[in-house]
Amino acid sequence: MNTAKNPFEEMMRAAQDMAQAMNPALETFSPKGFEAMMPKMPKDMMEMVFGNTFNTEGLDAKTRLLLTLAGLTMQGAQNDVALRQTVRHLKEAGARDQEIIETIGQMSMFAGLPAMTRAMQLAQEVMEDKEDTEK
């Protein structure tokens, strides 16, 4: 019988043991829990900072955020937190689910289907989250 253990599993177990010894609270740490602590920026503030409040002829906050979503998708949707946070801000800025879906879908032509699929999965998590839509 082979009793050899997977080196990666051993490394992860050792890291978890070390983290628990250093700070017992890390045992229950969840990246999504940390992400949930990040507040949504109010729509008026987004317009002031990202929108056309100071540049009246410029892009509004929703358009800028749709461009940000397109860029994150083009990068392969590798930054889960940034993509989900962008979708949350888009919803706050008044974007409809269809606009978010179309923006991600359009990027399939440039970023490829895997990037589009991953971005769509992350966006869907936010769009289906009842707590996000009620806030």
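Counting alpha carbon pairs within less than 8 Å and at least 6 residues apart, what relative contact order, in whole percent, applies to the range 38-134? Walk me through the numbers before you get to the answer.
Working: 106 pairs, mean separation 27.7, N = 97.
About 29 percent, as a whole number.
By the count of other C-beta atoms within 10 Å, a proxy for reagent exposure, 87, 126, 81 are ordered fewest to most as 81, 126, 87. With a ≥ b ≥ c the root eigenvalues of the C-alpha gyration tensor of the range 38-134, is it rounded (a/c under 1.5), prolate (a/b larger than b/c) or oblate? Oblate, because a/c is 1.5 or more while a/b does not exceed b/c.
Only the coordinates and a few stated rules stand behind these numbers; no lab work does. These figures come from a predicted structure and were not determined experimentally. When we count neighbours, we look across all protein chains shown, and the Cβ atoms used for this are built from the backbone with ideal geometry, even at glycine.
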